[in-house]
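Below is one structure, written out as structure tokens; comments come after it.
The values are calculated or read from the model by the stated rules, or taken from the named source; none is laboratory data. Treat the numbers as computed from the prediction; the structure is a model and nothing was measured. Every residue, glycine among them, receives a Cβ derived from its backbone with ideal geometry; neighbour counts consider all protein chains shown. The area values use the complete protein model at the heavy-atom level, side chains included, leaving out ligands, DNA and RNA. Shrake-Rupley method; radii C 1.70, N 1.55, O 1.52, S 1.80 Å.
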Amino acid sequence: MADVITYREAVAEGIAREMRRDAAVVCLGEDIGEAGGVFKTTAGLFKEFGPERVWDTPISEQAIVGAAMGAAMTGMRPVAEIMFSDFLACCWDYLANEIPKVRYMTGGQVTVPLVVRTANGGGLGFGAQHSQATENWALTVPGLQIAAPATPADVIGMMAAAIRSDDPVVFFEHKGLLASKGSPPPPDHVVELGRAAVVREGADVTLVALAAMVPVALRAAARLAEEGIAAEVVDLRCLVPLDMSTVLASLARTSRLVTVEENPYQGGWGATVVSVVADEGFGLLDAPVRRVAGECVPLPFADALEERVIPTVDKVVATVRDLTAY
Amino acid sequence: MDSAELLALYEQMVLIRRTEKAAHDLFLQGLVKGTTHLAAGHEAIAVGASAALRADDYVFATYRGHHHALARGATPEECLAELMSRATGLCGAKGGSMHLTKAATGMLGSYAIVGAHLPMAAGAAWSARLRGTDQVAVAFFGDGATNIGAFHEALNLAAVWKLPVLFVCENNLYMEYTPIASVTAVARPAADRAPAYGIPGETVDGNDVVAVRDAVAALAGRARAGDGPALLEAATYRHFGHSRSDPATYRPAEEVERWLKHDPLDIARGRLTELGVSEETLTAADERALDVVRRAVEAAKSAPAPDPEQALTDVWADGSAAWRT
């Protein structure tokens, strides 16, 4: 394998590793076969595994996720692609009512080991119906695990954990990260779901970020370092299970907290993180908490408008500066 | 069908009718909360279809699914205990009337969002094909589901992938409170749509257990042989309203009378009599079923309520409900 791998290649590599390991893993989705996916995140899978394991579907999001559920209930480990995360709304019944509830309402009789992969988030100028960060939608539903990797190595490691999980996982691949590069992980690299990572150490403030907001937080931390402010950056990696112990441990070192999230402030995951901190870690704080989040508007098209709406390095830097002066 | 086999199907239908009557009575006594969607009148579809299926085939049902759960191996006792919120209920009292499920016998659930389970059945059929078995999956649904997007998505996917799945519509003429004919562009809401997907669309007297058995056997055999999905529209009628809050006064008296005379139990009884089965034998079958249900009611009544801590289990496969690590 090459010395570097892109995030988009890591998606296909992560799936391929699991398909080689377990014959029960099958893929379905729109344009995922010979076309290799509209984002080329399934490139090579059709060639290696053939049409019996990589299935092109009609544009039928309900059928895709519903069929994945039926297959998962009966012995397969399907990996379903919903092309853009905005389209999760087209099959929301399955994500909100069927998949996360069937184990519970049958008293534990049924297991649904499936992965729903989807391209999430803004930054590419796709307009309001192809650019949303929707991870907070899934966060409102008990019974879904939520993974959102920020690096190629994590894509592969978390894909392995997601496909091997006996529980349903919604796997958010960030469109803004697809071209980013990193080291390919070793064989059988698995990143347990629900383990956050401290990706930069610092003593003055904790920045908690997810997916495309991780590099934003890291760039902000580099700028702040020039001003003598040492920011620690925590990559949450998953929203469910949520690793609050890593966040609280970081906060014990820094005493200041900023969440950096792309989804709208209203109902965003940062609110959950902050509420747990208020509940269990209030004594660790020397300052108020701050949330840098998306504005509560549909994602606009023009770069200048989009930048106004989603978190940027400048916004994070300004927020941290204010907070450290508190 | 010989008389012994038909007698067994008849007794199963009586058992379901008696269980539904018990559910109705227990509701009126305040022992069943929420709601029930009784399937009295639909028995021949569940029993006839089950008789045509193998034990390892998959069944997906709707919120009106008591008859399918019972036909696929759930006992009256575990079903009634579930309705009565007892710990011994089929789903540990976490599901209730609308979610009766017995996965161990292939009864993969009752789903209360109209039409949602049709793609799931397609998925189970896909899984059977991927695993190289010759199992089939069956989705039972009401006429109202034929106007839901998931119906059309499931039919198209099943057809293009040639999946071993049967879509069985229980057309009882009413979509909840509204006549299906008044909101549907074609006369036969299920069967008339089949040609659009290039699959067989057949109709059957859903109150004749033998006719249902034969129709499902033929279509399941076809699916098992690799010839793909089919749609079966079974004409039937609800003896009760849509749910417990519905007295069904919107139905014309003449229509109700006509359908009550076309009762699946009477039809099976008539066939048995023609086959030379005595009145005593039939009455004995009635009594056996009644006795099973009577004992089921007593057992469910004396079963304990679930431990409240059970509310915090079974979200995840490890049994827990933890959302943090």
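Here are a few things to note about the model shown:
- Taken over region B:104-133, residues that are without any contact (Cβ under 8 Å) to a residue 40 or more places away in the chain, outside any helix (DSSP H, G or I) and facing another protein chain (nearest Cβ under 7 Å) amount to 3.
- Screening A:Asp31 with (1) assigned to a loop (DSSP other than H, G, I, E, B); (2) open to solvent by 20 Å² or more (accessible area, probe 1.4 Å); (3) over 22 Å from B:Leu155 (Cβ atoms) gives one miss only, at (3).
- Residue in region B:193-210 that is in a helix (DSSP H, G or I), open to solvent by less than 10 Å² (accessible area, probe 1.4 Å) and not aromatic (Phe, Trp, Tyr) present: yes
- Residue, farthest from the other protein chains (Cβ to nearest Cβ), within region A:127-150, restricted to residues that are open to solvent by less than 40 Å² (accessible area, probe 1.4 Å) and among the hydroxyl-bearing types (Ser, Thr, Tyr): A:Ser131
- Residue list for region B:216-243, filter: aromatic (Phe, Trp, Tyr) and either open to solvent by less than 20 Å² (accessible area, probe 1.4 Å) or more than 30 Å from B:Thr36 (Cβ to Cβ) (or both): B:Tyr237
- Take the conditions (1) within 20 Å of the chain's Cα centre (by Cα); (2) more than 25 Å from A:Ala153 (Cβ to Cβ); (3) without any contact (Cβ under 8 Å) to a residue 60 or more places away in the chain; A:Pro264 misses just one of them, which is (3).
- Failed item, numbered, when B:Ser320 is tested on (1) within 29 Å of B:Leu80 (Cβ to Cβ); (2) in a loop (DSSP other than H, G, I, E, B); (3) open to solvent by less than 40 Å² (accessible area, probe 1.4 Å); (4) not basic (Lys, Arg): (1)
- Residue count, region B:142-175 (criterion: among the charged types (D, E, K, R) and assigned to a helix (DSSP H, G or I)): 2
- When region A:197-214 is filtered for residues that are surrounded by fewer than 23 Cβ atoms within 10 Å (Cβ to Cβ) and under 18 Å from A:Met158 (Cα atoms), the ones remaining, listed by number, are A:Ala197, A:Val198, A:Val199.
- Matching residues, region A:160-190, being within 13 Å of A:Val79 (Cα to Cα) and not aliphatic (A, V, I, L, M): A:Arg164, A:Ser165, A:Asp166, A:Asp167, A:Pro168, A:Phe171, A:Phe172
- Annotation note: of B:Ala61, B:Ala69, the sole residue that is assigned to a helix (DSSP H, G or I) and touching a helix residue (DSSP H, G or I) at 6+ places or on another chain (Cβ under 8 Å) is B:Ala69.
- Test: A:Asp279 is acidic (Asp, Glu), part of a helix (DSSP H, G or I) and under 29 Å from A:Leu193 (Cα atoms): yes
- Every pair of residues 6+ apart whose Cβ atoms lie under 9 Å, when the first sits in region B:300-325 and is more than 9 Å from chain A (Cβ to nearest Cβ) while the second is charged (D, E, K, R) and in a helix (DSSP H, G or I): B:Ala300/B:Glu77; B:Ala300/B:Glu78; B:Ala300/B:Glu82; B:Ala303/B:Glu77
- Number of the condition not met by B:Thr75 [criteria: (1) open to solvent by less than 10 Å² (accessible area, probe 1.4 Å); (2) within 21 Å of B:Asp57 (Cβ to Cβ); (3) of a type outside the set (Lys, Arg)]: (1)
- Hey, B:Asp246 in a loop (DSSP other than H, G, I, E, B) and within 14 Å of chain A (Cβ to nearest Cβ) or not: no
- Qualifying residue in region A:58-70 (condition: buried (at least 19 other Cβ atoms within 10 Å of the Cβ), within 13 Å of chain B (Cβ to nearest Cβ) and not in a helix (DSSP H, G or I)): yes
- Count of residues meeting criterion [part of a loop (DSSP other than H, G, I, E, B) and either touching a residue at least 60 places away in the same chain (Cβ under 8 Å) or over 21 Å from B:Gly115 (Cα atoms) (or both)] in region A:92-105: 2
- Any hit, region B:134-147, residues being farther than 29 Å from B:Ala248 by Cβ, within 7 Å of chain A (Cβ to nearest Cβ), touching a residue at least 24 places away in the same chain (Cβ under 8 Å) and surrounded by fewer than 24 Cβ atoms within 10 Å (Cβ to Cβ): no
- Here A:Val214 does not qualify as within 14 Å of chain B (Cβ to nearest Cβ), outside any loop (DSSP other than H, G, I, E, B) and modelled with pLDDT of 95 or more.
- Residues that are within 15 Å of the chain's Cα centre (by Cα) and over 13 Å from A:Val292 (Cα atoms), drawn from region A:200-218: A:Ala211, A:Ala212, A:Pro215
- Top-ranked residue of region A:106-126 - restricted to ones that are open to solvent by less than 20 Å² (accessible area, probe 1.4 Å) and either among the polar types (S, T, N, Q) or in a helix (DSSP H, G or I) (or both), ranked as farthest from the other protein chains (Cβ to nearest Cβ): A:Asn120
- Across region A:71-99, the number of residues qualifying as more than 7 Å from chain B (Cβ to nearest Cβ), within 14 Å of A:Val141 (Cα to Cα) and open to solvent by 10 Å² or more (accessible area, probe 1.4 Å) comes to 3.
- Residues (among the β-branched types (Val, Ile, Thr) and either open to solvent by 50 Å² or more (accessible area, probe 1.4 Å) or free of Cβ contacts under 8 Å to residues at least 40 places away in the same chain (or both)) located in region A:182-196: A:Val190
- Matching entry among B:Ala299, B:Ala305, B:Ala253 (being open to solvent by 40 Å² or more (accessible area, probe 1.4 Å) and either more than 30 Å from A:Met73 (Cα to Cα) or out of contact with any Ser or Thr (no Cβ under 7 Å at 6 or more places or on another chain) (or both)): B:Ala253
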